[in-house]
């Protein structure tokens, strides 16, 4: 499965994904300073699930799940360190069936997640 990590997630978060995932960070593809619309366009065009902390992407009226490969929004405190973010992502990836990522907007919080389709 192809995934894209937004600039607001640590570059090192790529290491928490299973080996069968093809994960890129926006820095890998030259989009580190890109707008939200440029990032979601790239993700849609490349059929990549977008992982972000940007709560704008949680709005299913603006980003209908059926139009995208998937969007995962981490709703976490602003003070979270890279270590905290990676631990949360790892816990989430272990707990979810990767099929649930497809065509969904998933809100991940500490200790739980919600799936919108």
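Odds and ends about this structure:
- Candidates 80, 68: the one that is over 13 Å from the mean Cα position of the chain (by Cα) and surrounded by 14 or more Cβ atoms within 10 Å (Cβ to Cβ) is 80.
- Contacts under 6 angstrom Cβ, first residue in the range 1-29 being closer than 17 Å to residue 42 by Cα, partner outside any loop (DSSP other than H, G, I, E, B) and at pLDDT below 95, 6 or more apart: 1/98
- In the range 37-56, the qualifying residues are those that are under 14 Å from residue 72 (Cα atoms) and free of Cβ contacts under 8 Å to residues at least 40 places away in the same chain, and the one that is surrounded by the most Cβ atoms within 10 Å (Cβ to Cβ) is 43.
- Hey, residue 89 closer than 15 Å to residue 17 by Cβ, in contact with a strand residue (DSSP E or B) (Cβ under 8 Å, 6 or more places away or on another chain) and not in a strand (DSSP E or B) or not: yes
- Selection count where residues are within 18 Å of residue 55 (Cβ to Cβ) and either surrounded by fewer than 17 Cβ atoms within 10 Å (Cβ to Cβ) or modelled with pLDDT under 95 (or both), scope the range 8-33: 1
- Within the range 17-74, the set of residues being touching a helix residue (DSSP H, G or I) at 6+ places or on another chain (Cβ under 8 Å) and assigned to a helix (DSSP H, G or I) comprises 26, 27, 29, 36, 39, 40, 42, 44, 56, 57, 67.
- Total residues in the range 7-16, condition more than 20 Å from residue 100 (Cβ to Cβ) and in contact with a helix residue (DSSP H, G or I) (Cβ under 9 Å, 6 or more places away or on another chain): 6
- So residue 115, is it in a strand (DSSP E or B) and in contact (Cβ under 8 Å) with a residue 12 or more places away in the chain: yes
- Within the range 88-112, considering residues that are free of Cβ contacts under 8 Å to residues at least 24 places away in the same chain and more than 17 Å from residue 1 (Cβ to Cβ), the one surrounded by the fewest Cβ atoms within 10 Å (Cβ to Cβ): 111
The values are calculated or read from the model by the stated rules, or taken from the named source; none is laboratory data. Model, not experiment: these values are computed from the prediction. All Cβ positions, even for glycine, are placed from backbone atoms using ideal geometry, and neighbour counts span all protein chains on display.
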